[in-house]
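Here's the structure, in structure tokens; my notes come after.
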Amino acid sequence: MFSGKHRDTGFNLQIAATLAGDLLAVSEPVPGSRHDTFAWGQSHFPEAFAEREKLGDLGYLGTGMHTGRRKPPGRERSAGDNEANRSINTLRAAVERAIAHLKDWKVLATRYRGPLTRFPAVIKTVAALAFHKKGW
């Protein structure tokens, strides 16, 4: 999880939240600079949320989630595509707020400088504290 070039840790966390912005689950960190689709597949989320409707950004194309629509090559998006993207992004704003609240914990907002073997335990602890803060 450490990049010698950038001298920093790198990981991808998957976060599930309700449309009200309440945190539902936090995955184990996927080490390295990995794409969202790969990290989604590595997490337990596809099985855990199989029966639910899911929203994601364009990084989750092809995963069965409702995502926005890409701009066609060499053309502009249609008015219908723009409206669909606006609707999805309006719903996703609450999820982005949940992610921002998770980053209120300084250990996730700044560079992690502890032993990398302990990082998954740090993530579990921060998630547990976030749930406790919500009263869950």
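If you go through region 16-70, how many residues are at positive phi and either touching a Lys or Arg at 6+ places or on another chain (Cβ under 6 Å) or of a type in the set (A, V, I, L, M, F, W, C) (or both)? If you could, list the steps in order and put the result at the bottom.
Residues of region 16-70 at positive phi: 21, 32, 62, 64.
Remaining after also requiring either touching a Lys or Arg at 6+ places or on another chain (Cβ under 6 Å) or of a type in the set (A, V, I, L, M, F, W, C) (or both): 21.
Residues that pass the stated criteria total 1.
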List the number of the failed condition for HIS101; all other conditions in (1) within 21 Å of THR125 (Cα to Cα); (2) touching a Ser or Thr at 6+ places or on another chain (Cβ under 8 Å); (3) touching a residue at least 12 places away in the same chain (Cβ under 8 Å) hold.
(2)
Just the residues that are surrounded by fewer than 15 Cβ atoms within 10 Å (Cβ to Cβ) and either hydroxyl-bearing (Ser, Thr, Tyr) or in contact with a strand residue (DSSP E or B) (Cβ under 8 Å, 6 or more places away or on another chain) (or both), please, taken from region 50-68.
GLU53, HIS66
Residue count, region 98-126 (criterion: assigned to a helix (DSSP H, G or I) and closer than 28 Å to LEU58 by Cα)
14
Region 49-97, residues that are closer than 20 Å to ALA20 by Cα, touching a helix residue (DSSP H, G or I) at 6+ places or on another chain (Cβ under 6 Å) and part of a loop (DSSP other than H, G, I, E, B)
THR67, GLY68
Within region 83-119, residues closer than 30 Å to ARG70 by Cα, over 15 Å from the mean Cα position of the chain (by Cα) and of a type in the set (A, V, I, L, M) come out as ALA84, ILE88
Select from region 7-48 the residues that are surrounded by fewer than 17 Cβ atoms within 10 Å (Cβ to Cβ), among the small types (Gly, Ala, Ser) and part of a loop (DSSP other than H, G, I, E, B) and list them in ascending order.
GLY10, ALA20, GLY21, GLY32, SER33
Scan region 38-66 and report the pairs whose first residue is over 17 Å from ASN12 (Cβ atoms) and whose second residue is open to solvent by 60 Å² or more (accessible area, probe 1.4 Å) and in a helix (DSSP H, G or I), with Cβ atoms within less than 9 Å and a gap of 6+ or a chain change.
LEU55/LEU91; HIS66/LEU91
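Going by what's in this entry, would ALA79 be described as open to solvent by 60 Å² or more (accessible area, probe 1.4 Å), among the aliphatic types (A, V, I, L, M) and more than 18 Å from the chain's Cα centre (by Cα)?
Working: open to solvent by 60 Å² or more (accessible area, probe 1.4 Å): yes; among the aliphatic types (A, V, I, L, M): yes; more than 18 Å from the chain's Cα centre (by Cα): yes.
For ALA79, the condition - open to solvent by 60 Å² or more (accessible area, probe 1.4 Å), among the aliphatic types (A, V, I, L, M) and more than 18 Å from the chain's Cα centre (by Cα) - is met.
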Cβ pairs under 9 Å, 6+ apart, first in region 108-128 and closer than 10 Å to PHE11 by Cβ, second surrounded by 12 or more Cβ atoms within 10 Å (Cβ to Cβ) and among the hydroxyl-bearing types (Ser, Thr, Tyr)
TYR112/THR9; LEU116/THR9; PHE119/THR9; PHE119/TYR112; ILE123/SER27
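The values are calculated or read from the model by the stated rules, or taken from the named source; none is laboratory data. Keep in mind it's a predicted model, so treat the numbers as computed, not measured. Heads up, the Cβs are rebuilt from the backbone with ideal geometry, glycines too, and the neighbour counts pull from every protein chain shown. Note: accessible area is taken over every heavy atom of the protein model, side chains too, but ligands, DNA and RNA are not part of it. Shrake-Rupley method; radii C 1.70, N 1.55, O 1.52, S 1.80 Å.
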